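The values are calculated or read from the model by the stated rules, or taken from the named source; none is laboratory data. Predicted model only: the values in this text are computed from it and were never measured. Counting neighbours? That spans all protein chains shown, and the Cβs are built from the backbone with ideal geometry, glycine included. Surface accessibility is based on the protein's heavy atoms, side chains included, excluding ligands, DNA and RNA. Shrake-Rupley method; radii C 1.70, N 1.55, O 1.52, S 1.80 Å.
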Amino acid sequence: KVQQGTIDALMRDHDVIAVATMKSGTVPEVQQHLAQAGLRWRVLNDPESELARTWKVRGVPKMYIVDGRGQVRFQMSGYTSGIELRARLWFAEHF
């Protein structure tokens, strides 16, 4: 919830995909939450937390910046400011 505004702002300029793990609730619960919060996020449901295990997610929020070649350029755990995310996105796009 703390990062909803930051994610909404980033979605205007970048492709963003949220992953809902089993801790997020069932697929209908996640969809209901998005609708009630007025969020138009693209969400990949990971009900068995397979992606979380593969990507070694130990806590949330966890953010990854993945470049156009599918390479993870940065990963952040916990709260990350919009400025920090935008700086890392800029760096990933230019270097």
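Could you please find all residues in segment 52-95 being assigned to a helix (DSSP H, G or I) and surrounded by fewer than 12 Cβ atoms within 10 Å (Cβ to Cβ)? Within segment 52-95, R53, T54, I83, W90, H94 qualify.
Quick check on segment 40-51: of everything there that is in a strand (DSSP E or B) and among the charged types (D, E, K, R), which residue is most open to solvent (accessible area, probe 1.4 Å)? Reasoning before the result, please.
Going through segment 40-51, the residues in a strand (DSSP E or B) turn out to be 42-46.
Adding the requirement that they be among the charged types (D, E, K, R) leaves 42, 46.
Details: R42: 125, D46: 10 Å².
Checked segment 40-51; the qualifying residue most open to solvent (accessible area, probe 1.4 Å) is R42.
Take the conditions (1) within 19 Å of R12 (Cα to Cα); (2) surrounded by 12 or more Cβ atoms within 10 Å (Cβ to Cβ); A37 misses just one of them, which is (2).
Could you list, in sequence order, all residues of segment 9-25 that are surrounded by 12 or more Cβ atoms within 10 Å (Cβ to Cβ) and at pLDDT below 90? First the steps, then the outcome.
Pass one, segment 9-25, residues surrounded by 12 or more Cβ atoms within 10 Å (Cβ to Cβ): 9-11, 14, 16, 18-22, 24-25.
Within segment 9-25, T21, M22, S24, G25 meet the criteria.
Note on segment 58-76: residues that are touching a residue at least 24 places away in the same chain (Cβ under 8 Å) and of a type outside the set (V, I, T) total 2.
Quick check: is even one residue across segment 35-44 out of contact with any Ser or Thr (no Cβ under 8 Å at 6 or more places or on another chain), farther than 28 Å from A87 by Cα and among the polar types (S, T, N, Q)? Break it down into steps so the answer makes sense when it comes.
Initial filter on segment 35-44 (out of contact with any Ser or Thr (no Cβ under 8 Å at 6 or more places or on another chain)): 35-44.
With farther than 28 Å from A87 by Cα added as a condition, the list becomes 35-36.
Adding the requirement that they be among the polar types (S, T, N, Q) leaves 36.
Yes, some residue in segment 35-44 is out of contact with any Ser or Thr (no Cβ under 8 Å at 6 or more places or on another chain), farther than 28 Å from A87 by Cα and among the polar types (S, T, N, Q).
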